[in-house]
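Report on the structure given below.
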């Protein structure tokens, strides 16, 4: 039985169960709801629960396959590079949010996603990047009056 288990996926799923459990335990200490709506514990709690449930499902599918069940579809490494680039771009954009401002960090994120990962032309990357950045900025800053980091340019 143990020979047929994909040990890398099993270990990853177990680590994600542990991480999800930690997130649920931490979020449990925060207010779930406030007078204004969802509190700081709302989203982390549900994200942690979802992480535990989906990771447990992966473990169950792995064990079922080891006992002769339907094989679990494997993920190939071909999608790993774009996924890691996307996560990396998101991390960089988040790190630049305060010093560069929302507009610059979101424009950088959309440029990397569209040009590098989805391999769109520079023209479509620029058009979609500028329009989506302006749309999000207008929605959050002007319509919803959310204070987003302005950066050195003042917007």
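The values are calculated or read from the model by the stated rules, or taken from the named source; none is laboratory data. Owing to the predicted nature of the structure, the values given are computational and were not obtained by experimental measurement. Don't worry about glycine lacking a Cβ; one is built from the backbone with ideal geometry, like all the others, and counts go over all protein chains shown.
A single entry from 126, 95 fulfils the requirement of being under 21 Å from the mean Cα position of the chain (by Cα) and in a helix (DSSP H, G or I): 95. Entry remark, the stretch 16-55: residues being closer than 30 Å to residue 6 by Cα and over 19 Å from the mean Cα position of the chain (by Cα) number 1 in total. Residues of the stretch 4-43 that are buried (at least 16 other Cβ atoms within 10 Å of the Cβ) and outside any loop (DSSP other than H, G, I, E, B): 9, 10, 13, 16, 17, 20, 23, 24, 27, 42. Within the stretch 127-146, being free of Cβ contacts under 8 Å to residues at least 12 places away in the same chain and within 17 Å of residue 93 (Cα to Cα) holds for one residue alone: 134.
So for the stretch 55-77 (the condition being closer than 30 Å to residue 111 by Cα, assigned to a helix (DSSP H, G or I) and either in contact with a strand residue (DSSP E or B) (Cβ under 9 Å, 6 or more places away or on another chain) or modelled with pLDDT under 90 (or both)), does at least one residue qualify? Yes, the stretch 55-77 has at least one match.
Checking 126, 89 one by one, the residue that is under 28 Å from residue 10 (Cα atoms), out of contact with any strand residue (DSSP E or B) (no Cβ under 9 Å at 6 or more places or on another chain) and at pLDDT 85 or above is 89 and no other. Do we find a residue being modelled with pLDDT of 90 or more, surrounded by fewer than 15 Cβ atoms within 10 Å (Cβ to Cβ) and part of a helix (DSSP H, G or I) anywhere in the stretch 99-113? Yes, that holds for at least one residue.
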